[in-house]
Each structure stands twice: as structure tokens, then as C-alpha cells.
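No lab work stands behind these numbers, since they all come straight from the coordinates. Everything quoted here is computed from the prediction, not taken from an experiment. Methodologically, a virtual Cβ is constructed for each residue, glycine included, from the backbone with ideal geometry; neighbour enumeration extends over all protein chains shown.
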Amino acid sequence: MIVLYVVLGVIALGLLFGVGTYNTLVRLRQHVRESWSAIDTELKRRYDLIPNVVETVKGYASHESETLEAVIQARSRAVSSTGSPGQQAADEIPLVRALGRLFAVAEAYPDLKANQSFLELQRELQNTEDRIQAARRFYNANVRELNTRVHVFPSNLIAGTFGFGEEEFFEIEEIAREAPKVDFTAGAQSAS
């Protein structure tokens, strides 16, 4: 009789472990999906801001058509990308680079750099970039946690049985931020 209770106890513990692990995997997969939607929302916000930035720059630097066209084309590719996070990231990289070139071009136009609309759009785009990076870190942390559960023993047995697989990380570059230039020589010369 004791052996029967021990066997039933082991079976019950195994079932509880299986159910708990399955529920954890489902919860982690939902966290990954939810965190991906945060990235998607911020990417759409960026896509909506870019035409306004391009139009503002076009007003001041219309002869920079190659750079403007590169931004427009990269935005179109990124907007139409509907693949996996890895594919989406691959389509985002040219956009990030094109935006970097666009802001480098803007540096050559003092009137543009002083334009309130451009400054506000640049600020909004930078805030959006910051939110994309925060959402990306959150998403990648959730992916890492799920992927770890999918691979470690004994949860990998449940993951394999119920078809849980690895999720892709989302890795893109940030728009390069130029460090402020500090020059103490002018102040030192005037003080002497």
C-alpha cells in the first residue's frame, strides 16, 4: 500500500511539474508577444515621423535628393516588412543608417538646425528612438528568458513535447548620437 502511495505521489508531482512548466512557457511566450507589440508600436510612430522630417529637410536642402530618397526608400522597406523579428531588424538597419546620414546632412544647414519644426521633429524622433531601444531591451530580455526555459533540462522536455521553440532577438543599431564638443581654450584665453 505504501508503494502505491509513493508511486501515485511521484506521478502527481510529475504532472504538477509538467503543468507548471507548460504554464510558465505559455506565460513567457505571451510576454514575448506583448513586448514585440511595444516595439511594433514605436516603429510605426517612427515611420509616421519620418515623412515630416524629410519634408522639412527638403525645404532647406532640396539638392540633397539622394539622401532624402534613401530615407524614403528605407522607410518603405521597413514599413512593408512583416517577417520575423530578425527579418524586421534587417530591414530596420538601412533605415537607421539613412536617418543618420540625413541628420549629418542637416548639420551643414544652420537655418535648418535653427528651425523650430525641425528641432521638434528631431526631438520627437530621438524620443521615439529611445523608446524603441527600451522596448527592444525588454523584448530581448523576454526572449532570452523563454529561450533559456526552452533549452534547460527538464523544462526542455515539456517545451519539445508541446512545440515551444526559440524566439528571435531583435537587434538594430541606434542612430548615432554626436557627443557634445567641449572647448575650454576660448574661456582660458579670455580669462588671461
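Separation of region 141-158 and region 49-114, taken as the distance between their Cα centroids, equals 38 angstrom. Figure the gain on full extension for Ala38 and His151 (residue separation times 0.36 nm, minus the Cα-Cα span) and round it to one decimal in nm. Full extension from Ala38 to His151 adds 38.1 nm.
Using only helices, what value at 222 nm comes out for the chain when you add -39,500 (n - 2.57) per DSSP H run of length 4 or more and divide by the total residues, to the nearest 500 deg cm²/dmol? Before the final figure, lay out each step's value.
Working: 7 runs with 152 residues, N = 192.
About -27500 deg cm²/dmol.
Calculated from the structure, volume of the Cα convex hull per residue in Å³ equals which of (i) 162; (ii) 111; (iii) 138? Here the calculated entry is (i).
Which residues make up the longest stretch of the chain clear of trypsin sites (Lys or Arg not before Pro) that lie in a DSSP loop with no more than 11 other Cβ atoms within 10 Å, not counting the sites?
Details: sites that count: Arg177, Lys181.
Of all site-free stretches, the longest is 1-176.
Converting phi to 3J(HN,Hα) with the Karplus coefficients 6.51, -1.76 and 1.60 and the offset θ = phi - 60°, region 133-138 yields 5, 5, 5, 5, 4, 5 Hz in sequence order, with x at every glycine or proline.
Extension gain, Ser84 to Asp48: 0.36 nm times the residue separation minus the Cα-Cα distance gives 10.8 nm. Does anyone have the angle between helix 85-106 and the longest principal axis of the chain? Alpha-carbon axes, 0 to 90°, nearest 10? Around 20 degrees separate the two axes.
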